[in-house]
Amino acid sequence: MGFLGDTKVAYVCPGWDDWLDGSSQSLDYLFTTYVTSGEYTLGEAHQRALRDMYTYGLWNNVKYEMFEWGAIWGNPDLGMCPPIPRPLVILLPDGLPEYLEPGVSTSFIVRIENGSENYLPGTGMLHYRYEQVDFLTSELLSIGDDFFEATLPPADCDATPEFYLSAEGDGGSIVFSPTNPPDSVYTAIIGTLTIVMEDDFETDQGWIVENSTDLTAGAWERGIPIGGGERGDPPTDYDGSGRCYLTGNEYGDSDVDNGYTWLTSPTIDLSHSDDAQVHYALWYTNNFGNDPNNDVFKTFVSNNNGSSWVLAETFGPVTTYGWTERSFNLSDFVSPTSLVKFRFEASDLNDGSVVEAGIDAVSVTILECETQGCTYIPGDINSDTNVIGNDVTYGVRYFKGLGDPPPDSCWNDSTSSWLYSAGDANGSCSFTGSDITFLVAYFKGYNPEILWCPQTPPAEPPVLGIHRDVVPVVLPKR
């Protein structure tokens, strides 16, 4: 009741011509906008409006900040009651890895803080699975004080990593991060993210501005925003570099009027990729004037250098004040080619509203993934780059407990375990005494080739030293 009661300013307050006329008008306007968008509950709209007031420095009267909707008391960063103490707190100081390089272990830092209980040493665990039904576990490595290192083992391109963390307190409580596994888990993507195109608009990279013949104002311009944000235009760029593209970069009445304005990217070669993702920051408002909330912002893509266009995204007609991050997968709309373009469309149609738009921080990325084989020579148990009788001796000493294990070890994702791949001469994906027997038979001419485990192939086909007469040959793959 209190929420909606104060929105009267947004509709019937005498003399209110601009939502930036004062703190009360700004807060009422923001709240009304978020509620009527249908994207927020009443409470969420209240919190979002308050955050925007602080973010954009819109409080200009302490009376309104103290008492308008209980802003100080409802500040999202404050609480009315002390929090309920938790047994332990699991923190991720540097965040989580979003992408995992294939075939390589990935580590991240974990912090476990004492709460109502003390951490029980040795109970910090990383739980993970890639393709298996059951989660596997590995203990967190203590690196000093309450900091630990968690390590995700290597994975191939087909893996779909899921993982979570746990720790136990001395009172018997077990805490998790995230809090409700396995229904809630962390995820990562296998591959290397490559930036194909990136533009913060500090320099001219060849974007093209085109306008419909009936456009009278508000064409796209590249520059530092100077309008001050007083008529729905962005007061600053998004990424802090200074410049962005925006419609009608002038102070006062400079919005899009009576037509279309298009901003088109330079041509991008994506022919070497199966897919790409387009990212950009968007500012778009159309929510006051004669016909508010009745225009939309559109993003189009083309794979034939702009000969034809496909609609990728529509933003609006209900809009909010501020920059938003947007992205879409190119292959959802067109097939990647060497002639990809995308363009942004702002328009003012119908009875006319105050339309302001901005574009910043544009990038195009591709995810590349190629599982690298493990570096070893099949049969070279002692890793001296030759496959000869000494490898048999080395393996026999290891199995008798008289020598070190083989130095070449590769991760087998299908079994979630390490394999002494160089010693797996019979290709059974295990290193046992039968591999020594197989290698001896190879030297005697009974086996025509040395095999390897299909799940841990060598990085390159073996070339040197794989023959009973130590003659360079190329072994066929299994």
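Derivation of every value follows stated rules applied to the coordinates shown; laboratory data play no part. Worth saying up front: this structure is predicted, and the values here are computed from it rather than measured. Neighbour counts are summed over all protein chains in view; Cβ atoms, including those assigned to glycine, are modelled from backbone coordinates with ideal geometry.
Could you work out the local net charge near residue 380, counting Lys and Arg as +1, Asp and Glu as -1, over the other residues with Cβ closer than 10 Å to its Cβ?
Values: positive: none; negative: 384, 391, 408.
Net charge in that neighbourhood comes out at -3.
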* Asked: Please identify the chymotrypsin sites (Phe, Trp or Tyr not before Pro) of segment 351-460 that satisfy two criteria: DSSP loop assignment and at most 15 other Cβ atoms within 10 Å. Which are they?
  -> 446
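Pop the C-beta distance of residue 351 and residue 272 into the FRET formula with R0 = 56 Å and round what comes out to the nearest 0.05. List each step's numbers first, then the result.
Details: r = 48 Å, r/R0 = 0.85.
My answer for the efficiency is 0.75.
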* Positive-end residue, segment 258-372 charge dipole about Cα centroid, Cβ charges, pick of 331, 302, 316 -> 302
* What is the set of long-range amide H partners of residue 242 at a cut-off below 5 Å, with H atoms built 1.01 Å from backbone N? -> 237
* Taking the Cα atoms of segment 221-294, report the difference between the largest and smallest coordinate on each principal axis, in whole Å and largest first. => 47, 29, 16
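How long is the gain from residue 383 to residue 305 if the chain were fully straight, where each residue apart is worth 0.36 nm and the alpha carbon distance is subtracted?
Details: separation 78, 0.36 × 78 = 28.08 nm, distance 5.32 nm.
Length gained between residue 383 and residue 305: 22.8 nm.
Roughly speaking, what is the stretch gain from residue 437 to residue 41, that is 0.36 nm per residue apart minus the C-alpha to C-alpha distance, in nm to one decimal? Write down the numbers at each step before the final one.
Working: separation 396, 0.36 × 396 = 142.56 nm, distance 7.07 nm.
Gain on extension, residue 437 to residue 41, equals 135.5 nm.
Can you give the net charge of the other residues whose Cβ lies under 10 Å from the Cβ of residue 120, counting K and R as +1 and D and E as -1? If you can, show how the numbers build up before the last one.
Working: positive: none; negative: 117, 168, 170.
After counting each charged neighbour, the total is -3.
Looking at segment 252-374, I'd like the Rg to Rh ratio, where Rg is from alpha-carbon atoms and Rh is Kirkwood's inverse mean 1/r. Working shown, then result.
Numbers: Rg = 16.8 Å, Rh = 15.7 Å.
Ratio value, two decimals: 1.07.
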* Asked: For labels at residue 99 and residue 134 in the simple 7 Å Cα→Cβ model, what's the distance in nm?
  -> 3.4
* Asked: How big is the gap, in Å, between the Cα center of segment 111-137 and the Cα center of segment 251-313?
  -> 46
* Distance in nm between pseudo-label sites at residue 337 and residue 314 (7 Å out along the Cβ direction from Cα) -> 2.6
* How high is the FRET efficiency from residue 51 to residue 415, r the C-beta distance, R0 56 Å, rounded to 0.05? -> 0.70
* **Extension reserve of the residue 399-residue 224 stretch, reckoned as 0.36 nm per residue once the Cα distance is removed** => 55.9 nm
* Calculate the dipole size of segment 88-190 relative to its Cα centre from +1 charges on Lys and Arg beta carbons and -1 charges on Asp and Glu beta carbons; express the result in debye to the nearest 20. => 60
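Hey, with R₀ at 51 Å, roughly what FRET efficiency would residue 123 and residue 196 work out to, going by the Cβ-Cβ distance, to 0.05?
Working: r = 44 Å, r/R0 = 0.87.
Taking R0 as 51 Å, the efficiency between residue 123 and residue 196 is 0.70.
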* Asked: What size of dipole, in debye to the nearest 20, comes out for segment 188-282 about its Cα centre when the only charges are +1 on Lys and Arg C-beta atoms and -1 on Asp and Glu C-beta atoms?
  -> 80
* Computed on alpha carbon atoms, what radius of gyration and Dmax characterise segment 88-190, expressed in Å? -> 13.5, 42
